[in-house]
Protein chains: 4
Amino acid sequence: MAEKSSEIETLLAELGRSFHARGWALGTSGNFSAVVSRDPLRLAITSTGLDKGCLTADQFVHLDESGTVKHGSGQPSAETALHLVIVRVRGAGAVLHTHSVWSTIVSGEHAARHGLWIEGYEMLKGLEGVRSHTHREWLPIVENDQDMPKLAGIVEALLKKHPEAHGFLLRGHGLYTWGDDLAQAKRHLEILEFLLEVIGRSRRSESAASSQH
Amino acid sequence: MAEKSSEIETLLAELGRSFHARGWALGTSGNFSAVVSRDPLRLAITSTGLDKGCLTADQFVHLDESGTVKHGSGQPSAETALHLVIVRVRGAGAVLHTHSVWSTIVSGEHAARHGLWIEGYEMLKGLEGVRSHTHREWLPIVENDQDMPKLAGIVEALLKKHPEAHGFLLRGHGLYTWGDDLAQAKRHLEILEFLLEVIGRSRRSESAASSQH
Amino acid sequence: MAEKSSEIETLLAELGRSFHARGWALGTSGNFSAVVSRDPLRLAITSTGLDKGCLTADQFVHLDESGTVKHGSGQPSAETALHLVIVRVRGAGAVLHTHSVWSTIVSGEHAARHGLWIEGYEMLKGLEGVRSHTHREWLPIVENDQDMPKLAGIVEALLKKHPEAHGFLLRGHGLYTWGDDLAQAKRHLEILEFLLEVIGRSRRSESAASSQH
Amino acid sequence: MAEKSSEIETLLAELGRSFHARGWALGTSGNFSAVVSRDPLRLAITSTGLDKGCLTADQFVHLDESGTVKHGSGQPSAETALHLVIVRVRGAGAVLHTHSVWSTIVSGEHAARHGLWIEGYEMLKGLEGVRSHTHREWLPIVENDQDMPKLAGIVEALLKKHPEAHGFLLRGHGLYTWGDDLAQAKRHLEILEFLLEVIGRSRRSESAASSQH
């Protein structure tokens, strides 16, 4: 278990540094987690306030299902409650949260409709269970909030209401996505960030592919 | 032959990783192939579902002209039939397929006209056989389809109808291009991606170079 | 002290090279400083006219509070007076100045109002002392001037008038920000550059998050 | 001399690879030269048709003032005549030519006026001899042409008509700039590419800094 855990944290740290390089986790933004044990639940998650450009494997702590630190030093990310809800409701093995320019812009533009439909893109097929570009993906948008227990409750209700969703946006804040394992979560993140950039750059053009309804 | 094959796959894997770094092959998108033998035909092609950010030479399989795997483990890319058609009809030595933000956007904007003219750019001269920036290049756009035999038939007809084309777009999906060898295919890819970005960024300006007719 | 100083300059040089790679310090633009001693004040600052793409630790000079070079060869940056004012008025431990495309554009668009409000973005929470995305951050814009004593006086008055500001823009010139130490200054720089890009890219859209008042 | 020449070519090759990484020299676009001897004139220049992403020091040839190859194998760049004119008329020690997305777009948008004024940007101060952001820089635009002797004649007349210019654009083709030595030419290139991106991204906004007249 120790080795597996250490390996996951090394992979998470590499991912974090690469997201920082792409501009998806500047400042101290972004947080990343992966399940290292199911029973009892142990979730490795980034400590709070770190520069993701030099993230290392020893900057993760292990939490139990209540968010109590069971291993490692440092304060877990302030958004720990959202990670735990996603792990519990979706059975996710990894949760990734980024703050990109395009997810921030798109989350504001579509906030009034509480989400956006994404449709007609081959890239959608990379989302688990999607078989065709004709798939319609609903990406919900939640109002941002500093009250974490309240926000976690809203996210839990959202996940149950949209069991087919592969991610969601926090308004003016960024993207959350997840996967059965870290590789799937990374795939979902790259796909959703790509699609948000396509939609963001297309948004003022009448003739763009009809991606929003 | 074994050495030459191994060298080609090493080069294809490097290319794949560099395209991922540029954002042209995120998620598991993109697939790449090169002919390692003409008689009998052996085509090295990426296996399906790979993260191109860490593509390695051993993640390719060898196919014969019917698409049967003759070497290597793993399922060949779902778009194998398109690669084989291009190799057969064009005599290509390498085929590259990317999913960039700009090719996705431009493919949607020009879909109703089934393609776009590109003209007036010096960069066109890097396309094989083109001698002047005054050359008019027709870049066809095909509706995306999950029925691969059907799509391969449409692409075959398209290649025969436009024997001078250096590539084509699948709507909402991305760019296919090719070359006599891998270096030429890479050159064509960089040139077409560059031109699609120029056209995409110019599209709302009346005074832009008249690239579309 | 010598070791600490050398370490700071190594970190500043790494930062400078990374900002150049992101396109935030092209040409010979940008200058960076950090306090290596408080009493007497010694400020390590980039020499003038350097290519930041290959910045090294030995390309810094040490100044006293009057701007006199006390250590190292080379002419200190022409904007030394601004760094010294920020260190004196804010008690900053590090000052970073970049010239990005978006800070240049946004500084021109909002110049008539002498600044812009930034509000509603989670990323604001990375600015020291900010606790919520509902925080309203005023980013002042100063007219650019080649008369450095005059400009330093204007900046000093500005810093005193807006004690809560985390940075300011020089019109058509770029961003200044700072922090208690180099890590905090880097965090503030990444956050403000991110927000300026979001605002610059959102500016023509009616439905964007209301970031400007 | 041999060592100095070899060093210059190593630096030119590094520059070429870095411009390719930034997307300023995709396909086989871009060419780069530096004077390795003044009397007799020997100009090291990239051979034609190279992938700049893997440019090496041995891919340069040495020319005399008439364009005859005196050293090295390979065909010199097709645009050799432009490099030689710039070296002769300006006394340049290095000439750099890139094809960026923004220089291509801006060269089309301003072609009818045969150039554009750039004014009000601090970045202008990095151009040799410029002392203030209030400087007005005229960046001429020349119609692209495949007749190289004719184009070289036009460029020669242009350089004499605008002795203060630090570069020029070829329409739909890209940017030429130069410097007394390679470091100055690189500085001019980064500055002009930066300013063209600022102008290109600002162009549809009424409130942008007044950079065009």
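Read-outs throughout are calculated quantities, based only on the coordinates presented, and are distinct from any laboratory measurement. Just so it is clear, the model here is predicted, and its values are computed rather than measured. As a convention, Cβ positions derive from the backbone with ideal geometry for all residues, glycine included, and neighbour counts pool all protein chains shown.
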Region C:17-118: spread of alpha-carbon positions along the three principal axes, whole Å, largest first, is 40, 31, 18
GluC sites (Glu not before Pro) in region A:109-157 lying in a DSSP loop, each with at most 14 other Cβ atoms within 10 Å of its Cβ, come to A:GLU128, A:GLU143
Scattering profile of region D:107-158 from the Debye formula, Cα beads only, expressed as log10 I(q)/I(0) at q = 0.16, 0.22, 0.28 Å⁻¹, is -0.60, -0.85, -0.99
Note on region D:1-83: contact order normalised by length, alpha-carbon pairs under 8 Å, 6 or more apart, percent, works out to 27
homo-copy label distances at C:GLN75 (7 angstrom along Cα-Cβ), nm, one dp, ascending, are 4.7, 4.7, 6.6
Mean separation of Cα contacts under 8 Å (at least 6 apart) over the residue count of region B:59-150, i.e. the relative contact order in percent, is 20
Measuring from its Cα centre, region D:84-213 shows a charge dipole (+1 at each Lys and Arg Cβ, -1 at each Asp and Glu Cβ) which, in debye to the nearest 20, is 140
Note to self: Kirkwood Rh of region A:125-196, Cα pairs, one decimal, Å, is 13.0
Fewest-first ordering of A:LYS125, C:LYS160 by Cβ atoms within 10 Å yields C:LYS160, A:LYS125
Here region D:52-65 yields Karplus 3J(HN,Hα) values (6.51, -1.76, 1.60; θ = phi - 60°; whole Hz; Gly and Pro given as x) of 6, x, 9, 5, 10, 4, 7, 9, 10, 10, 9, 10, 8, 5
Of the candidates B:SER202, A:THR46, D:ALA13, the farthest towards the positive dipole end of the protein assembly as shown (Lys/Arg Cβ +1, Asp/Glu Cβ -1, centred on the Cα centre) is B:SER202
Between the Cα axis of helix D:182-202 and the main Cα principal axis of chain D, the angle (0 to 90°, nearest 10) is 30
Computed over region A:1-141, the relative contact order (Cα-Cα under 8 Å, seq sep at least six) in percent reads 20
Scoring only Lys, Arg, Asp and Glu (+1, +1, -1, -1) among other residues with Cβ under 9 Å from the Cβ of D:PRO40 yields 0
Listing B:THR98, C:THR80 by rising number of other beta-carbon atoms within 10 angstrom, fewest first, gives C:THR80, B:THR98
Any aspartates and glutamates whose Cα falls less than 19 Å from that of D:LYS161, other than same-chain ones fewer than 8 residues away, would be D:GLU128, D:GLU137, D:GLU143
Rg/Rh over Cα atoms for region C:63-213, Kirkwood Rh, comes to 0.97
The farthest towards the positive end of the charge dipole of region C:1-128, of the residues C:VAL61, C:GLY108, C:GLY23, given +1 on Cβ of Lys and Arg and -1 on Cβ of Asp and Glu, is C:GLY108
Taking Cα atoms, the helix A:80-90 axis meets the longest principal axis of chain A at an angle in degrees (rounded to 10) of 70
Normalised per residue, the volume inside the convex hull of the alpha-carbon atoms of the protein assembly as shown in Å³ amounts to 172
In region B:1-79, the GluC sites (Glu not before Pro) that sit in a DSSP loop and have at most 16 other Cβ atoms within 10 Å of their own Cβ are B:GLU65
Taking D:THR28, C:THR177 and counting other beta carbon atoms within 10 angstrom, the fewest-first order is D:THR28, C:THR177
Extend 7 Å from the Cα of C:LYS70 along its Cα-to-C-beta direction; within region C:29-55, residues with backbone N under 11 Å of that point are C:36-44
Of all DSSP beta bridges with both partners in the protein assembly as shown, the antiparallel percent, nearest 5, is 95
For chain D, longest principal axis from Cα atoms; helix D:2-21 axis from its Cα atoms; angle between them, nearest 10 degrees, is 40
In the structure shown, of A:LYS52/C:LYS186; C:LYS150/D:LYS125; D:LYS52/D:LYS160; A:LYS125/B:LYS70, the pairs separated by more than 23 angstrom at the C-alpha atoms are D:LYS52/D:LYS160; A:LYS125/B:LYS70
